[in-house]
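Undergrad: Handing you this structure, nothing more for now.
Readers should treat all values here as calculations from the given coordinates under stated rules, not as data from a laboratory. In this text the structure is predicted, and so the values were computed from the model without any measurement. With ideal geometry, Cβ positions are generated from the backbone for all residues, glycine too; neighbour counts draw on all protein chains shown.
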Amino acid sequence: MTWLITGGAGYIGAHVVRAMTRAGERAVVYDDLSTGDAARVPDGIPLVVGSTLDGDRLARVLAEHEVTGVVHLAAKKQVGESVDQPLRYYRENVEGLRVLLEAVTAADVSAFVFSSSAAVYGMPDVDLVTEETPCMPMSPYGETKLVGEWLVRATGRATGLSTASLRYFNVAGAASPELADTGVFNLVPMVFEKLTENAAPRIFGDDYPTPDGTCIRDYIHVVDLAEAHVATARALQSSPGLDLTLNIGRGEGVSVREMIDTIAAVTGHHHVPTVTPRRPGDPARVVASADRIATELGWKARHDVHDMIASAWQGWLRHHPQAARD
Ligand SMILES: NC(=O)c1ccc[n+]([C@@H]2O[C@H](COP(=O)([O-])OP(=O)(O)OC[C@H]3O[C@@H](n4cnc5c(N)ncnc54)[C@H](O)[C@@H]3O)[C@@H](O)[C@H]2O)c1
């Protein structure tokens, strides 16, 4: 099949492109380069620079490249920014998806994979979040992902398009240093940033009802996440009319304090963390049940938190060589 990978010049998209092509699929990247980087697109893979809001351009690209499947990663992803700019987030993430689906259903596309997020769950009050846990997003970003899932599912039901919404948990790591995430929006790069300034990392709240008092999350290596896309693509290809909603996590919780300890062990930067008050809206614990994807697709994560941090640190050092410990 030929897959259009929207957002393929982004952090996760670049890994998905590599995993899909390694698995023998053809890929075309469609990206407006708003946060992506053309250098992340491998040689020999066509890159079309365009927005998902541009339906005419999408229609042309789908026809020209005889696209039969779409992996839709293109979106804005910062929770805080979405609170300040909800209209922009709804335009890019919801309207961009609607326009894309219109082009897709008018073309010869049979499979559609949508990048959703654990943000759809909001503040789940359960040990392990299953796909049946009620979705109560806490931010416009999370809302756009939930609405996106509805749009994708409704379109699949109405047209026969095979669809999957993949709810990513906390993504970290890189396949190689040049593919690392360059944004500083998540715990790992935020801690790296402090260590680079020779300052103590910050913990937002250590009075949560968790064993060490800090928040617990489920971290997933981007290489494993990319492989989950290959498994999903294969399933959609072989079973027309499929409608999947799947968590993508490891099913293992790691606390902020444990992450900071592992980061210290990997980087050689040892600081006693500074504890500051909780951030509003941070749930105590969000950990996936990864059972459904294991049962349905036979996929399971292979990399642990140490692998994620070590590979992310190599990427960080590319841009911040002064952070290296002698
Ligand atoms: N990184 C995470 O931890 C995480 C977690 C859950 C879900 N996600 C989702 O995964 C997807 C990819 O995230 P990422 O971390 O790689 O982010 P990213 O910002 O690195 O990648 C997004 C890509 O989409 C492109 N893009 C954005 N808006 C576009 C538009 N309207 N038209 C065309 N291209 C557009 C950007 O240029 C960029 O290359 C997003 O949908 C995000 O919401 C990410």
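Undergrad: Amide H neighbours of Ser117 under 5 Å, counting only residues 5+ apart in sequence or on other chains, H built in-plane at 1.01 Å?
TA: Here Tyr168 satisfy the definition.
Undergrad: Find the eigenvalues of the gyration tensor of the Cα atoms of the chain, then list the square roots of 5 times those eigenvalues as equivalent ellipsoid semi-axes, largest first, in whole angstrom.
TA: Semi-axis lengths for the chain are 32, 22, 18 Å.
Undergrad: For the stretch 1-74, rounded, prolate or oblate, judged on the Cα gyration tensor with a ≥ b ≥ c (square roots of eigenvalues), a/c < 1.5 rounded, else prolate if a/b > b/c?
TA: In terms of gyration-tensor shape, oblate.
Undergrad: Now for a separate question. Put +1 on the Cβ of every Lys and Arg and -1 on every Asp and Glu Cβ in the stretch 246-301; which of Val254, Val266, Ala284 then has its Cα farthest towards the positive end of the dipole?
TA: Ala284
Undergrad: Then there is this: Which value at 222 nm does the chain reach when only helices count, each DSSP H run of 4 or more adding -39,500 (n - 2.57), with the total divided by all residues and rounded to the nearest 500 deg cm²/dmol?
TA: Mean residue ellipticity at 222 nm (helix-derived): -11500 deg cm²/dmol.
Undergrad: When we measure straight from the Cα of Lys77, which lysines land under 22 angstrom away, once same-chain ones fewer than 8 places off are left out?
TA: Excluding near neighbours in sequence, the set is Lys145.
Undergrad: May I ask you to order 189-198, 7-16, 215-224, 82-91 by the average number of other C-beta atoms within 10 Å around their residues, highest value first?
TA: Going by the mean number of other Cβ atoms within 10 Å, highest first, we get 7-16, 215-224, 189-198, 82-91.
Undergrad: Report, in debye and to the nearest 20, how large the dipole of the stretch 1-130 comes out about its Cα centre when Lys and Arg carry +1 and Asp and Glu carry -1 on their Cβ.
TA: 160 debye
Undergrad: Just to confirm my numbers, what's the Cα centroid distance between the stretch 201-232 and the stretch 107-127 in Å?
TA: What the calculation gives is 17 Å, centre to centre.
Undergrad: While we're looking at this one, here's another question. Calculate the dipole size of the chain relative to its Cα centre from +1 charges on Lys and Arg beta carbons and -1 charges on Asp and Glu beta carbons; express the result in debye to the nearest 20.
TA: Here the chain has a charge dipole of around 140 debye.
Undergrad: Also, quick follow-up: Could I have the simple spin-label model distance between Val126 and Glu258, label points 7 Å from Cα toward Cβ, reported in nm to one decimal?
TA: 2.0 nm
Undergrad: Here's another thing I want to ask about it. Residue by residue through the stretch 224-231, what is 3J(HN,Hα) from phi via Karplus (6.51 cos²θ - 1.76 cosθ + 1.60, θ = phi - 60°)? Round to whole Hz and write x for glycine and proline.
TA: Result, rounded to whole Hz: 5, 4, 4, 5, 4, 5, 5, 4.
Undergrad: Can you put Glu81, Glu66 in order, fewest other beta carbons within 10 Å first?
TA: Least to most surrounded, the residues fall as Glu66, Glu81.
Undergrad: Can you work out ³J(HN,Hα) from phi for every residue in the stretch 24-37, in order, using Karplus 6.51 cos²θ - 1.76 cosθ + 1.60 and θ = phi - 60°, giving whole Hz and x for Gly and Pro?
TA: In residue order, the calculated couplings are x, 8, 8, 9, 10, 9, 10, 7, 8, 6, 5, 10, x, 9 Hz.
Undergrad: Which residues' amide hydrogens lie under 5 Å from the amide hydrogen of Cys215, considering only partners 5 or more residues apart or on another chain, with H built in the peptide plane?
TA: Val256
Undergrad: Compute, for the stretch 65-172, the length of the dipole vector about the Cα centre, with Cβ point charges of +1 (Lys, Arg) and -1 (Asp, Glu) only. Units Debye, rounded to 20.
TA: About 160 debye.
Undergrad: Cα to Cα, under 18 Å, and not fewer than 8 places away if on the same chain: which aspartates and glutamates meet these conditions relative to Lys194?
TA: Asp181, Glu258, Asp261, Asp326
Undergrad: For Thr245, enumerate residues with amide H under 5 Å from its amide H, sequence gap 5+ or separate chain, H modeled in the peptide plane.
TA: Ser165
Undergrad: Sort 53-65, 102-114 by the packing proxy (mean of other Cβ within 10 Å over each peptide's residues), most packed first.
TA: Put in order of decreasing packing, that is 102-114, 53-65.
Undergrad: Using the Cα centre of the stretch 73-190 as origin and beta-carbon charges of +1 (Lys, Arg) and -1 (Asp, Glu), tell me which of Thr182, Ser110, Tyr141 is placed farthest towards the positive end of the dipole.
TA: The listed residue farthest towards the positive side: Ser110.
Undergrad: Here's something else I'd like to know. May I ask you to evaluate 6.51 cos²θ - 1.76 cosθ + 1.60, the Karplus curve with θ = phi - 60°, for each residue of the stretch 268-285 and list the ³J(HN,Hα) values in order in whole Hz, giving x for glycine and proline?
TA: x, 9, 10, 9, 6, x, 8, 9, 10, x, 4, 8, x, x, 7, x, 5, 8
Undergrad: Something else about it: What fraction of the DSSP beta bridges in the chain is antiparallel, stated in percent and rounded to the nearest 5?
TA: Antiparallel bridges: around 5 percent, rounded to the nearest 5.
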